[in-house]
Structures are given as structure tokens and as C-alpha cells.
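Colleague: First the structure, which I've put down as C-alpha cells, then a few questions once you've had a look.
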Amino acid sequence: MSLQLIDAIQNTHTADGEFMALLKLTLSPTPEEVVKRFSKGVEPEITIMKETVPHLCQYIMPGQFASQNHLVFQGKFCIDFYGKTGYEAKLLFERSFKLLHDEKIVQPGFHSFLCVLAYDGDFATGISGVKGYKGIYDIDYIRMN
């Protein structure tokens with residue numbers, strides 16, 4: 001289920017021309033270009049440095065099955081946005097927020113209820129010339145077997 005959620009989040013972003021422009025990508029990037037800008041997991045697939053940003057890491061945080069309906073998973077996911085400036089990282093977050101907050105994420109084999117922002121804020125990267133911004137979302141989705 002986690003991989004389906006991460007795929008759905010990434011597909012939502014890659015289908016948006018404005019978001020892809022912020023990442024300096026076209027609407028039909030090659031797989032190599034996507035890996036340079038998107039990581040599925042806490043640890044980036046590339047070395048994050050000022051030459052490799054903008055970049056984002058998408059990952060799942062702990063959740064639980066709903067007590068009233070065991071077919072619904074109450075989950076959380078996080079997206080870390082990296083940019084050369086705090087403003088660039090915040091721009092990425094803002095566009096992502098418009099795509100995800102108060103929206104349903106629907107992909108083949110995956111369907112969510114409303115996705116809601118739970119937290120956002122900047123974070124220290126410890127990397128010279130790279131700033132970070134984080135968004136954490138609550139999302140309930142239907143368990144698919």
C-alpha cells in the first residue's frame with residue numbers, strides 16, 4: 001500500500017505542468033531526469049547539493065488502520081523540498097500544497113479520501129547552498145488487496 005501511495009503522489013506532481021516547470025522538467029521527462037528530481041524514500045537517490053536541486057523526497061510516516069473500518073488506513077506522508085534558496089523550496093511546497101491539500105488522490109489501483117496538510121515548515125539541511133521545506137499530510141485511503 002505504501003508504494004501505491006508514493007506512486008500516486010509522484011504521479012500527481014508529474015502530471016502538473018506548473019510543478020514540473022518549477023523542477024525544470026518537461027511534462028514527459030525521461031526516467032533519468034525524474035530520478036534527479038524525485039526520490040521515493042527518506043534517503044535521496046542522488047547526492048543533494050546546490051548543483052542537484054531542486055529535488056524532493058517523498059516518504060511514508062507511521063499510520064494505523066481505522067478502528068471503525070479496517071479497510072481504511074489512516075496514514076501520513078511527508079515531502080521534503082530542497083532548493084537553492086528558502087524561497088525556491090517554499091515555491092515547490094506551495095504548488096504541491098495546491099495539488100494535494102483538500103483533494104482526493106486517485107490513480108489506477110489506489111483511491112484516497114481527502115488529503116489534508118498537518119504540518120509545514122522549513123528545516124536545516126546542513127548542506128551549503130541548499131535550503132529545505134517540509135510538508136506532512138494526513139491521508140486516509142482504502143486498503144486494496
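The values are calculated or read from the model by the stated rules, or taken from the named source; none is laboratory data. Owing to the predicted nature of the structure, the values given are computational and were not obtained by experimental measurement. Backbone-built Cβ (ideal geometry, glycine too); neighbour counts: all protein chains shown. Just so you know, the surface numbers come from the protein's heavy atoms only, side chains and all, with ligands and any DNA or RNA stripped out. Shrake-Rupley method; radii C 1.70, N 1.55, O 1.52, S 1.80 Å.
Colleague: Which number in (1) crowded, with 16+ Cβ neighbours inside 10 Å; (2) modelled with pLDDT under 90; (3) under 17 Å from residue 138 (Cα atoms); (4) out of contact with any Asp or Glu (no Cβ under 8 Å at 6 or more places or on another chain) marks the one condition that residue 96 misses?
Modeller: For residue 96, the exception is condition (2).
Colleague: Condition check: within 16 Å of the chain's Cα centre (by Cα) and under 16 Å from residue 11 (Cβ atoms). Does residue 106 satisfy that?
Modeller: Values: within 16 Å of the chain's Cα centre (by Cα): yes; under 16 Å from residue 11 (Cβ atoms): yes.
Taking the combined requirement at face value, the residue satisfies it.
Colleague: Any idea which of 24, 36, 50, 40 is touching a Gly at 6+ places or on another chain (Cβ under 6 Å), open to solvent by 20 Å² or more (accessible area, probe 1.4 Å) and closer than 29 Å to residue 127 by Cα? Even if it seems obvious, please write down each step before you answer.
Modeller: Numbers: 24 fails: touching a Gly at 6+ places or on another chain (Cβ under 6 Å); 36 fails: touching a Gly at 6+ places or on another chain (Cβ under 6 Å); 40 fails: touching a Gly at 6+ places or on another chain (Cβ under 6 Å).
Criteria check complete, one pass: 50.
Colleague: Taking residue 67 and the conditions (1) open to solvent by less than 80 Å² (accessible area, probe 1.4 Å); (2) more than 14 Å from residue 2 (Cβ to Cβ); (3) among the small types (Gly, Ala, Ser); (4) modelled with pLDDT under 90, which numbered condition does it fall short on, given that it satisfies the others?
Modeller: (1)
Colleague: Taking the stated definitions as given, is residue 104 modelled with pLDDT under 90 and open to solvent by 30 Å² or more (accessible area, probe 1.4 Å)?
Modeller: Values: modelled with pLDDT under 90: yes; open to solvent by 30 Å² or more (accessible area, probe 1.4 Å): yes.
Yes; evaluated as a whole, the condition is true for this residue.
Colleague: Could you list all residues from region 126-145 that are among the basic types (Lys, Arg) and not in a strand (DSSP E or B)?
Modeller: Here is the first cut: in region 126-145, the residues among the basic types (Lys, Arg) are 131, 134, 143.
Across region 126-145, the qualifying residue is only 143.
Colleague: Quick one: is residue 15 open to solvent by 20 Å² or more (accessible area, probe 1.4 Å) and either under 13 Å from the mean Cα position of the chain (by Cα) or within 20 Å of residue 95 (Cα to Cα) (or both)?
Modeller: Numbers: open to solvent by 20 Å² or more (accessible area, probe 1.4 Å): yes; either under 13 Å from the mean Cα position of the chain (by Cα) or within 20 Å of residue 95 (Cα to Cα) (or both): yes.
Yes; evaluated as a whole, the condition is true for this residue.
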